[in-house]
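Everything on this sheet refers to the single structure shown next.
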Amino acid sequence: MTVLYLHKMRDLSISLDGPSLAVRGNGQATRLYPLARLERIHLPASLDLDGKLLLRMALAGVAVALCRRDGSPVAWCLPSVSEKPLASNIQKLEKRFDAPAHLSEWQQTQLHVLLPRLRRCFRLETTSTLEDVERAAHRVLQKFTAGEADARAARQWLREEI
């Protein structure tokens, strides 16, 4: 199964060509990608999409991520679980050698989006690290908890959440 990243392409145009997705962009010739071989596709959020195209991708089991230019998703169109049984998806995931890399990539993207918000929330400098945010959150949590044990538990919860 293939993941298709198109969110950075310019002048992108996608359409259906039989059982395949026809992709044009960046002044290149049309390329065909069989829907049966696609697992996920990342498209620019600004792309004008046809509802029938989204439906065909969902029926083929292809997840669609509508992304900002930096690659962070704005919205998802996910295929129904009944179209691809969960056990089948888990078996495919187990066979993938790159699953840990995808998880790491996802975590880095989440951190890239979340860290600036947390810096603003705790009024920290833009160069502050995640550890600085954790310390600031710990100081705030200490004000609201009865003792050190509660603060430690709250800090552990916060660490797991972010």
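The values are calculated or read from the model by the stated rules, or taken from the named source; none is laboratory data. Quantities reported herein were computed from a predicted structural model and do not represent experimental measurements. No Cβ is skipped: glycine too gets one built from the backbone with ideal geometry, and neighbour counts run over all protein chains shown. In case anyone asks, the SASA skips ligands and DNA or RNA and just uses the protein heavy atoms, side chains included. Shrake-Rupley method; radii C 1.70, N 1.55, O 1.52, S 1.80 Å.
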Restricting to region 89-106, and then to whatever is surrounded by 12 or more Cβ atoms within 10 Å (Cβ to Cβ), in a helix (DSSP H, G or I) and of a type outside the set (A, V, I, L, M, F, W, C), can you tell me which residue is modelled with the lowest pLDDT?
Asn89
Could you list, in sequence order, the residues of region 113-144 that are loosely packed, with under 14 Cβ neighbours inside 10 Å and outside any helix (DSSP H, G or I)?
Arg123, Glu125, Thr126, Thr127, Thr129
Counting only residues in region 1-15 that are touching a strand residue (DSSP E or B) at 6+ places or on another chain (Cβ under 7 Å) and open to solvent by 80 Å² or more (accessible area, probe 1.4 Å), the one nearest to Pro34 (Cα to Cα) is identified as Met1
Only one of (1) open to solvent by 90 Å² or more (accessible area, probe 1.4 Å); (2) touching a strand residue (DSSP E or B) at 6+ places or on another chain (Cβ under 6 Å); (3) in contact (Cβ under 8 Å) with a residue 24 or more places away in the chain does not apply to Arg69, and that is (2)
Verdict on Gly18 being exposed (fewer than 14 other Cβ atoms within 10 Å of the Cβ) and either on the phi > 0 side of the Ramachandran plot or touching a residue at least 60 places away in the same chain (Cβ under 8 Å) (or both):
yes
Against the definition (without any contact (Cβ under 8 Å) to a residue 60 or more places away in the chain, out of contact with any Phe, Trp or Tyr (no Cβ under 9 Å at 6 or more places or on another chain), closer than 27 Å to Val113 by Cβ and surrounded by 12 or more Cβ atoms within 10 Å (Cβ to Cβ)), how does Ser46 come out, yes or no?
yes
Could you list, in sequence order, all residues of region 21-43 that are assigned to a strand (DSSP E or B) and either exposed (fewer than 12 other Cβ atoms within 10 Å of the Cβ) or aliphatic (A, V, I, L, M) (or both)?
Leu21, Ala22, Val23, Leu32, Leu38, Ile41, Leu43
